[in-house]
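Data first, discussion second: the structure below is written as C-alpha cells.
The values are calculated or read from the model by the stated rules, or taken from the named source; none is laboratory data. All values reported here derive from a predicted model rather than from experimental measurement. Backbone-built Cβ (ideal geometry, glycine too); neighbour counts: all protein chains shown.
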C-alpha cells in the first residue's frame, strides 16, 4: 500500500497532480457532466477533463489516470506521486 495518504490529503494530492499536468503542458479542466474524466487532444491542445462533481478521491484518481495515459516517463515526478499515478493506472487495467 502506498504511504502518500500519510503525507498529504486529497486536496493536496490534486494540487500536486495539477502541477505535474502543468509541467507536461497538459491543460486541466473541471467540468460538469455524465463522465469521470480523461485525456484527449483537441485542436492540437493536450487536455485533461475531470468531472468537477466527483468526490476529491475520484478526481485525484481521474487526473492520475489521465496523466499516466499521456505519459510521465520523461518528467520528474516525486516518487510517492509517481507511485500513486502508477497504482491508479494499474487499478484501471484490472477493471478492464
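Overview of values
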quantity	calculated
Filtered residue count, segment 37-56, keeping only those that are out of contact with any strand residue (DSSP E or B) (no Cβ under 7 Å at 6 or more places or on another chain) and within 14 Å of residue 18 (Cα to Cα)	1
Positions within segment 51-69 being in contact with a helix residue (DSSP H, G or I) (Cβ under 7 Å, 6 or more places away or on another chain) and buried (at least 18 other Cβ atoms within 10 Å of the Cβ), in sequence order	59, 60, 61, 63, 64, 65, 67, 68
Subset of segment 13-39 (residues that are surrounded by 12 or more Cβ atoms within 10 Å (Cβ to Cβ), farther than 16 Å from residue 88 by Cβ and modelled with pLDDT under 90)	35
Residue within segment 75-82 that is surrounded by 15 or more Cβ atoms within 10 Å (Cβ to Cβ) and in contact with a strand residue (DSSP E or B) (Cβ under 8 Å, 6 or more places away or on another chain) present	no
